[in-house]
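A.B. asks: Quick one: structure below, then a few questions.
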Amino acid sequence: MYNLKAIVVGAGIGGLTTAIALKQAGYTVEIYDRVSALRPAGAGISLWSNGVKVLNRLGLGEPLAALGGTMNRMEYRNHQDEPLSHIDLMPLIHQVGQRPYPVSRTDLQEMLLNAAGRDQVQLQMRCVGVEETADQVTAIFENGHRATGDILVGADGIHSLVREYVLGASITPRYANYVNWNGIVDAQPGLCDADNWVIYVGQGKRASMMPIGGDRFYYFFGAPMAKGTIVEPADRRDELAEIFADWPAPVQKLIQALDPLSTNRLEIHDIDPPPRLARGRAVLIGDAAHATTPTLGQGGCQAVEDAEVLTRYLVTTNISVPDALQRYEHERKDRTAALVLKARQRTDTIYGKDPALTEAWYEELKQESPEAVTEALAKVILGGPMR
């Protein structure tokens, strides 16, 4: 279809990538976000090869490679610093045809904003309603502004208003029963090798460092915790030091090296896979469609995949916009639902929902072959739209 106008609600990774793809297809795009300033939720993101390939196709491969860390291997160690597994990622990279890029979320969003056009994003625009006719759809904003186009893209996150319109009902996010702390530190001796992703696991908790561009590490910690706890930023280093007391020296060094005031502390939620992703001329992408726990590293990648598939059907089919959105839904719904549920199951295993299963997993890590790990990763990557 030609000469479409798209209204994109949400300027995160999914919304901006979709806007870029639609603009490159020749469509008029308006982007809106409810925040007063674009600040990414979280410090870093693991962009696996399936997400990178989409950004490559959009002409962003070179700047992305400059932002990404060189991750050639990954290893699991237990909370007593005993090695559990070591995986060379180069066979995976050659199998799928593209290196993964762990990146700073801020750097990634800056890259996407520059490509989409920073002046194209209208902030402090909270969507409060949707109206639709046979040939148009309108997003209604709290300040009274109305944005009308041929298609409405709901990229407005886990608490999506557009999702309420698409489903005709609300979905309450589900607490995953753990807290995630994350941030960025400069690489330094005693933390982690510059091309290695290390994950320490034990006691139903984990701590990790992953290389990103600029000679830095993205770090994250996770521990099970009741919902509703609050710890002020200034006290977050002390909180981590207590929760991870007696963990290995690199973990202790990381805790001392991090800036507590810039350490994010997030109660992790996901949503049950919704029964539909589109209604008429409105469509859901990213967390609005399939908010997931981060234990597979596929949240951002799936949002980027959404952008590719949505744009492809709009460009290559010409019956109607609603027809193209139904084709998008048919291709995306099962894949994203399966990954949300897989991540949920993995989260429960990592964070000790059933302590016996978690202990069994630690033993499995010792026995699992590197080939089995890379095959599992390849299956997810090659299941995407760009093989």
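A.B. asks: Show me 227-234, 112-119 ranked by packing, highest mean number of other Cβ atoms within 10 Å first.
C.D. replies: Ranking the peptides 227-234, 112-119 by packing returns 112-119, 227-234.
A.B. asks: Also, I was wondering about something else. Counting only DSSP beta bridges with both residues in the chain, what percent are antiparallel, rounded to the nearest 5?
C.D. replies: Working: 47 of 67 bridges.
The antiparallel fraction comes to roughly 70 percent.
A.B. asks: Let me ask you something else. Just to confirm my numbers, what's the Cα centroid distance between segment 110-162 and segment 313-345 in Å?
C.D. replies: Each part's Cα centre sits 20 Å from the other's.
A.B. asks: With the crude spin-label approximation of a point 7 Å out along Cα→Cβ, what separation in nm comes out for Val35 versus Lys253?
C.D. replies: 3.2
A.B. asks: Once you compute Rg and the Kirkwood Rh from C-alpha atoms, what is the Rg to Rh ratio for the chain? Don't skip to the answer; put the middle values down first.
C.D. replies: On the way: Rg = 20.8 Å, Rh = 21.4 Å.
That ratio equals 0.97.
A.B. asks: Probe radius 1.4 Å, ligands and nucleic acids left out: which of Tyr218, Tyr32 has the largest accessible area, and how do the rest follow? The partial results should precede the final answer.
C.D. replies: Details: Tyr218 25, Tyr32 0 Å².
Output order, biggest surface exposure first: Tyr218, Tyr32.
A.B. asks: To continue, here is another question. Could you name the lysines in cross-link range of Lys227, using Cα to Cα under 23 Å and dropping any fewer than eight places away on the same chain?
C.D. replies: Those lysines meeting the cut-off are Lys205, Lys342, Lys353.
A.B. asks: Let me ask something else. Over all directions, average the projected area of the Cα convex hull of segment 1-89 and note it in nm². Intermediate results must be reported in sequence, preceding the final value.
C.D. replies: Details: hull surface 34.7 nm².
Taking the Cα atoms of segment 1-89, their convex hull projects to 8.7 nm² on average.
A.B. asks: Given 0.36 nm per residue, what is the gain on full extension from Ala226 to Gln367 after removing their alpha carbon distance, in nm? The partial results should precede the final answer.
C.D. replies: Details: separation 141, 0.36 × 141 = 50.76 nm, distance 3.24 nm.
Going from the current span to full extension adds 47.5 nm.
A.B. asks: Can you give the extra length, in nm with one decimal, that the chain gains between Tyr2 and Ala378 once fully stretched, where that is 0.36 nm per residue apart less the Cα-Cα distance?
C.D. replies: Values: separation 376, 0.36 × 376 = 135.36 nm, distance 3.55 nm.
131.8 nm is the gain from fully extending Tyr2 to Ala378.
A.B. asks: Using only alpha carbon pairs under 8 Å that are at least six residues apart, calculate the relative contact order of the chain and give it in whole percent. Don't skip to the end; give the middle numbers.
C.D. replies: Working: 830 pairs, mean separation 88.8, N = 387.
Answer for the chain is 23 percent.
A.B. asks: Mean residue ellipticity at 222 nm from the helices of the chain, using -39,500 (n - 2.57) per DSSP H segment of n ≥ 4 over the full residue count, to the nearest 500 deg cm²/dmol? Don't skip to the end; give the middle numbers.
C.D. replies: On the way: 13 runs with 149 residues, N = 387.
The helix-only estimate for the chain comes to -12000 deg cm²/dmol at 222 nm.
A.B. asks: Pop out the Kirkwood hydrodynamic radius of segment 1-52 from its pairwise C-alpha distances, inverse of mean 1/r, in Å to one decimal. Kindly include the intermediate steps, with their values, before the conclusion.
C.D. replies: Details: mean 1/r = 0.0799 Å⁻¹.
It is 12.5 Å.
A.B. asks: Quick one: helix 355-367 against the long Cα principal axis of the chain, what's the angle to the nearest 10°, folded into 0 to 90?
C.D. replies: Between the helix axis and the principal axis of the chain, the angle is about 80 degrees.
A.B. asks: Ok, one more. Full extension from Ala65 to Thr148: what is 0.36 nm times the residue separation minus their Cα-Cα distance, to one decimal in nm?
C.D. replies: Numbers: separation 83, 0.36 × 83 = 29.88 nm, distance 3.64 nm.
Roughly 26.2 nm would be gained on extension.
The values are calculated or read from the model by the stated rules, or taken from the named source; none is laboratory data. Because the structure is a prediction, the values reported are computed rather than measured. Neighbour counts are summed over all protein chains in view; Cβ atoms, including those assigned to glycine, are modelled from backbone coordinates with ideal geometry. Just the protein is used for accessible areas: all its heavy atoms, side chains included, with ligands, DNA and RNA removed. Shrake-Rupley method; radii C 1.70, N 1.55, O 1.52, S 1.80 Å.
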